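Just below is one structure, and these are the notes that go with it.
The values are calculated or read from the model by the stated rules, or taken from the named source; none is laboratory data. Keep in mind it's a predicted model, so treat the numbers as computed, not measured. Backbone-built Cβ (ideal geometry, glycine too); neighbour counts: all protein chains shown.
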Amino acid sequence: MDHVQLWFSVVEQACFFGLLGLAYMLILEGAGFFNFAIGAYAMIGGLAAASFAKSMHLPVWLAVIAALVLAGLLAAFTEVGVVRPIQRRSGGARLPALVAVIAMLFAITQVAGLLFGRKQLAGQQLLVIDPLQIAGAYVSGPMIVTMALALVSFVGVSVWVRVTGTGRMLRAVGDNRPAAQLLGLPTSRVRITAFVIAGVIAAFAGISYAAKGGVSWDRGLGWALLGFLALVIGGSGSWWAPLLGGLILALLQVFVPFYLSGQFSDYAILAIALIFFAFRPRGLITRQVRI
Amino acid sequence: MKKPAIFAATAVALALALSGCADDGGGGRVLPTSTAAAPTGAPILIGMDLDKTGPGSSYNPLAGAAVVAGVDEVNANGGILGRPVKLIEESTESDPAKGPAVYQSLIEQGAVGILGLSTASVVAQVKPIIEQAKVVTIAPVAVLPTLTDQPDGDYVYTLVNPVTDYGSVFCGAFEKAGIKKIAYLQDDSPAIKSLAGPLKDAFGKCVTIVDDEVAPVASTDLVAQATRIKDSNPDAIFVQSVGGQFEALAHSALYQAMPDVPRFSQGSFGSQSDAWALATPGSLNNLVFMQQLDLTNPRTVDLQSKLTAALGSDFNMSYFAAQGYDGLMILLDAIKTAGGTDDPAAIKAAMDATTGYQPHVGQEGFRMSFTPTKHVGADSLCGLALFTFGADNTPAGKWSTFQPAC
């Protein structure tokens, strides 16, 4: 524990990866497939907020709200304009939808480059404070925002799926859509709600993390993969599982460069991914079914 | 109309409407400033390898915008030999593997000279093609000392001080500042990898490198590297990167870990004004960086005014812009001296006879010359200068401790 700063870095990155994983999980539960456009929503959030504040001179809070609305609309479009028509034509198959959302990831990436330019932009500081000194470590405003956002999002989603009707219907719709329709559940409303919430969470995560070192149009793919791995490693047995997956990824991202070399961190991520795909494809926390 | 079609139409309309938000560093064009007769006849075609994606995209558009403005300026003043100059633009995306196809394409489209704005590794890859086609190729931003070496170096030229000169300048700075041991942090981009070796060799003669860190150029966190550097207890830290987010993250992390340890930077960061805002406020304070742009040089100030008028008030002067502009002007001067574009050997001979060119980079006394055996333009070390950042994360002026002499 000599290097407290490293542990704060682990927590910050774990929160970011976990938030992306949580966004994946919402759509996995509600629609039954991995929406790889999550990384693009996060990138669009960070990039749009930065661009709106810089180019249009909007106040930070207004730029953030506008970026969240844009990401939410984009997520809704993914469901209504892309996934739903494709699943209608393919009899509800998930593979065509999966391919479509991957195409959506690349399409959003290119359109973002066209709309917002291909330069890196400085992220927006949501909490402008002097860095705090905690046990000799430096804790910045963006770090605090990312951690707070993770706490609020994970608690919020956990409560939402238990307390609200739409939340409780989420898993039923994702597990068996035809059965849910036969039962009269509003499957379309539930799915689109899951997409929009996931899009907004991913975008907010992108906005908060962009304040650390900026954001650019080509970040979406990398973030999509890290969020996906956070869910794969953590599992889908608990709404908090992606945070555990994110923590493991963050530990690798920080301590592999520290003890070995920065050039090995990508190999370490690849190795852990292969291990989980091969030996524990359902992740660390799986759903327990009582018979 | 079906719903998906409505969404698609809406998305396209939105994209077109929002495209006004784009800020890619481009801008307007030079307005005609003279009443010279409009150039006529077949255009003189100049090829340009300009990266808009890849590692070089952080600085290529800066140089490319100046080249475009320079061409517009030349054409507004009657062209070259009465003929208009026209640019043919392609992109290798900083990928050496794409170099042969892109350069072959430029040559087949009729380019009589090429400005290779991409990384030196790309130009190095296409040297045999350039030699075979006998097309004078200037790599204005390249600093790789071996780029103009034989074989296949007859038609390849660079302008500014090579990286081996950087070693001489920084060694002088370290000696003057009493620095004996440094930590080295670099990104893993091909461009920086090719530059780091010669620079570390040069540093080995004047300081001890106590920690040598290499991190992915797309890193989003460099706290681990900063912590390792802190553990090595260096007198100073040297950062070498393509700039942008990597360098901003590096200085943010290094500043929080070791606010009092001097930091030096070599690379593009000092001229990437957009990237300074990516760093934590105050983290660039006292950072010493080396660059070719010296705004106390009156020629540089003149070019800055000219390019600002051409490209708009958002234009930020950088040495890339000055290098791109100088590369174009030297090439066009050679074509003019050669008396046409039909004889590649004559253009090369004119290039080799260039002497005392007064560039828009470096200190005021800096000059560029070429001979048949000297294809690196820089005549002295004063094509380089050392500057420092202030507490507001913007350059505060020349470093008072040491400057390379002309």
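Structure summary
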| read-out | value |
| --- | --- |
| Subset tally (residues that are surrounded by fewer than 17 Cβ atoms within 10 Å (Cβ to Cβ) and within 12 Å of chain B (Cβ to nearest Cβ)) for segment A:267-291 | 1 |
| Members of segment A:111-170 that are more than 9 Å from chain B (Cβ to nearest Cβ), more than 17 Å from the chain's Cα centre (by Cα) and of a type in the set (Ser, Thr, Tyr) | A:Thr164, A:Thr166 |
| Selection within segment B:250-272 - in contact with a strand residue (DSSP E or B) (Cβ under 9 Å, 6 or more places away or on another chain), within 11 Å of chain A (Cβ to nearest Cβ) and under 27 Å from B:Ser121 (Cβ atoms) | B:Ala250, B:His251 |
| Residues that are more than 23 Å from B:Lys98 (Cα to Cα) and touching a residue at least 60 places away in the same chain (Cβ under 8 Å), drawn from segment B:183-209 | B:Leu185, B:Leu199 |
| Among (1) surrounded by fewer than 22 Cβ atoms within 10 Å (Cβ to Cβ); (2) more than 16 Å from the chain's Cα centre (by Cα); (3) of a type in the set (A, V, I, L, M, F, W, C), the one test that A:Ala76 misses | (2) |
| Breaking point among (1) of a type in the set (A, V, I, L, M); (2) in contact (Cβ under 8 Å) with a residue 40 or more places away in the chain; (3) part of a helix (DSSP H, G or I); (4) over 21 Å from B:Val85 (Cα atoms), for B:Ile347 | (4) |
| Among (1) without any contact (Cβ under 8 Å) to a residue 24 or more places away in the chain; (2) buried (at least 21 other Cβ atoms within 10 Å of the Cβ) - the single one B:Ala142 does not satisfy | (1) |
| Residue satisfying condition, being surrounded by 24 or more Cβ atoms within 10 Å (Cβ to Cβ), within 21 Å of B:Gln186 (Cα to Cα) and touching a residue at least 24 places away in the same chain (Cβ under 8 Å), within set A:Gly214, A:Gly234 | A:Gly214 |
| B:Gly327 vs. criteria on the phi > 0 side of the Ramachandran plot and under 20 Å from the mean Cα position of the chain (by Cα) | no |
| Failed item in (1) within 9 Å of chain A (Cβ to nearest Cβ); (2) at pLDDT 90 or above, with B:Ala218 passing the rest | (2) |
| Strands (runs of 3 or more DSSP E) contained in segment B:151-242 and holding at least 3 residues surrounded by fewer than 22 Cβ atoms within 10 Å (Cβ to Cβ) | B:208-215 |
| Count of segment A:154-200 residues which are under 20 Å from A:Leu74 (Cα atoms) and not hydrophobic (A, V, I, L, M, F, W, C) | 6 |
| Residue match in segment A:172-184 (condition: within 14 Å of another protein chain (Cβ to nearest Cβ), more than 20 Å from A:Leu98 (Cβ to Cβ) and assigned to a loop (DSSP other than H, G, I, E, B)) | no |
| In segment A:1-38, the residues that are within 29 Å of A:Ala180 (Cβ to Cβ) and within 13 Å of chain B (Cβ to nearest Cβ) | A:Leu20 |
| Top-ranked residue of segment B:156-181 - restricted to ones that are in contact with an Asp or Glu (Cβ under 8 Å, 6 or more places away or on another chain) and without any contact (Cβ under 8 Å) to a residue 60 or more places away in the chain, ranked as farthest from B:Asp231 (Cα to Cα) | B:Gly167 |
| Any chance B:Pro55 is surrounded by fewer than 18 Cβ atoms within 10 Å (Cβ to Cβ) and either within 12 Å of another protein chain (Cβ to nearest Cβ) or modelled with pLDDT of 90 or more (or both) | no |
| Count - residues of segment A:216-263 that are part of a helix (DSSP H, G or I) and more than 10 Å from every other protein chain (Cβ to nearest Cβ) | 23 |
| Number of the exception - A:Arg191 against (1) at pLDDT 85 or above; (2) farther than 17 Å from A:Trp239 by Cβ; (3) among the charged types (D, E, K, R); (4) surrounded by fewer than 20 Cβ atoms within 10 Å (Cβ to Cβ) | (4) |
| Residue within segment B:359-381 that is assigned to a helix (DSSP H, G or I) and either closer than 27 Å to B:Phe170 by Cβ or within 17 Å of the chain's Cα centre (by Cα) (or both) present | yes |
| Complete set of residues in segment B:282-312 that are closer than 27 Å to B:Pro84 by Cα and in a loop (DSSP other than H, G, I, E, B) | B:Gly312 |
| Residue check for B:Asp24: under 22 Å from B:Phe320 (Cα atoms), within 11 Å of chain A (Cβ to nearest Cβ) and either at pLDDT below 50 or touching a Lys or Arg at 6+ places or on another chain (Cβ under 8 Å) (or both) | yes |
| When residues of segment B:263-279 are limited to those that are crowded, with 22+ Cβ neighbours inside 10 Å and among the hydroxyl-bearing types (Ser, Thr, Tyr), the one modelled with the highest pLDDT | B:Ser265 |
| One residue from A:Ser55, A:Ser90 being touching a Pro at 6+ places or on another chain (Cβ under 6 Å) and surrounded by fewer than 17 Cβ atoms within 10 Å (Cβ to Cβ) | A:Ser90 |
| Matching residues in segment B:244-262 - criterion: being farther than 18 Å from A:Gly141 by Cα and surrounded by fewer than 24 Cβ atoms within 10 Å (Cβ to Cβ) | B:Met258, B:Pro259, B:Asp260, B:Val261, B:Pro262 |
| Positions within segment A:78-120 being charged (D, E, K, R) and assigned to a helix (DSSP H, G or I), in sequence order | A:Glu79, A:Arg84, A:Arg88, A:Arg89, A:Arg94 |
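Yes/no per residue for (1) basic (Lys, Arg); (2) under 23 Å from B:Ser57 (Cβ atoms); (3) more than 15 Å from the chain's Cα centre (by Cα):
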| position | (1), (2), (3) |
| --- | --- |
| B:Pro100 | no, yes, yes |
| B:Leu106 | no, yes, yes |
| B:Ala111 | no, yes, yes |
| B:Leu117 | no, yes, no |
| B:Ser121 | no, yes, no |
| B:Glu131 | no, no, yes |
| B:Thr146 | no, no, yes |
| B:Gln150 | no, no, yes |
| B:Asp154 | no, no, yes |
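Yes/no per residue for (1) modelled with pLDDT of 95 or more; (2) over 30 Å from B:Ala248 (Cβ atoms):
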residue: B:Tyr357; (1), (2): yes, yes
residue: B:His360; (1), (2): yes, no
residue: B:Gln363; (1), (2): no, no
residue: B:Ser369; (1), (2): yes, yes
residue: B:Lys374; (1), (2): yes, yes
residue: B:Gly377; (1), (2): yes, yes
residue: B:Ser380; (1), (2): no, yes
residue: B:Gly390; (1), (2): yes, no
residue: B:Ala396; (1), (2): no, no
